[in-house]
1. Dividing the convex hull volume of the Cα atoms of the range 102-149 by its residue count, what figure in Å³ per residue is obtained?
2. Using the count of nearby Cβ atoms within 10 Å as a rough guide to exposure, how do 139, 105, 122 rank from fewest to most?
3. Residue 55 label point, 7 Å along Cα→Cβ, cut-off 11 Å on backbone N: hits in the range 118-151?
4. Mind running the shape call on the range 47-190? Use the C-alpha gyration tensor, a ≥ b ≥ c as the square roots of the eigenvalues: rounded below 1.5 for a/c, prolate if a/b tops b/c, oblate otherwise.
5. Roughly what would the spin-label model give for residue 103 and residue 43, points 7 Å off Cα along C-beta, in nm?
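The numbers here are math on the coordinates, done by the rules we state, and not lab data. Predicted model only: the values in this text are computed from it and were never measured. Because the Cβ atoms are built from the backbone with ideal geometry, glycine has one as well, and the counts that use them run over all protein chains shown.
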């Protein structure tokens, strides 16, 4: 009799455990689905593209590129970054004496709204992200714009999302891969690149 009661209790216990396992698995699946939904609703900036073919994805990993220089213009503070191909060219003397950057050179310029802090010396530091500009040298794709392609992506803090720049932006962007060419012609003798590589 004891054995039967023990078996009955064991079966009942196993049923409770199975329910708990199924409940736990259900909760895990629900959390995974909700997490996936949140990830899907967040913008994937790497799917953005300007007309003419220049895509955000062509600059994947730019956050880890080396700094070329920093600058401030009006109410914006900027950092200019370059990929390893371009950094090597800078160090080899590109832009000096007519030397050009090789194809595959890429620049990223991140603009923030400048803000003063209450830290000692009241330094100006990056505030809200404003936009990111990109340049890539490809003499085949961009033969009619000095071998450089350009892209500008405006950032909206409220939606935490980027969009290609337009003529309505300040400064206006032609919203294509040649949007920066007219502006950069003034530095054609420096291979259309404004930023010098500061001594370090």
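1. Details: hull volume 4.5 nm³, N = 48.
For the range 102-149, the hull spanned by Cα atoms encloses 94 Å³ per residue.
2. Details: 139 12, 105 25, 122 8.
Lowest count first: 122, 139, 105.
3. None, by backbone N distance to the label point.
4. On the way: a/c = 1.83, a/b = 1.28, b/c = 1.44.
Note, shape of the range 47-190 comes out oblate.
5. 3.2 nm
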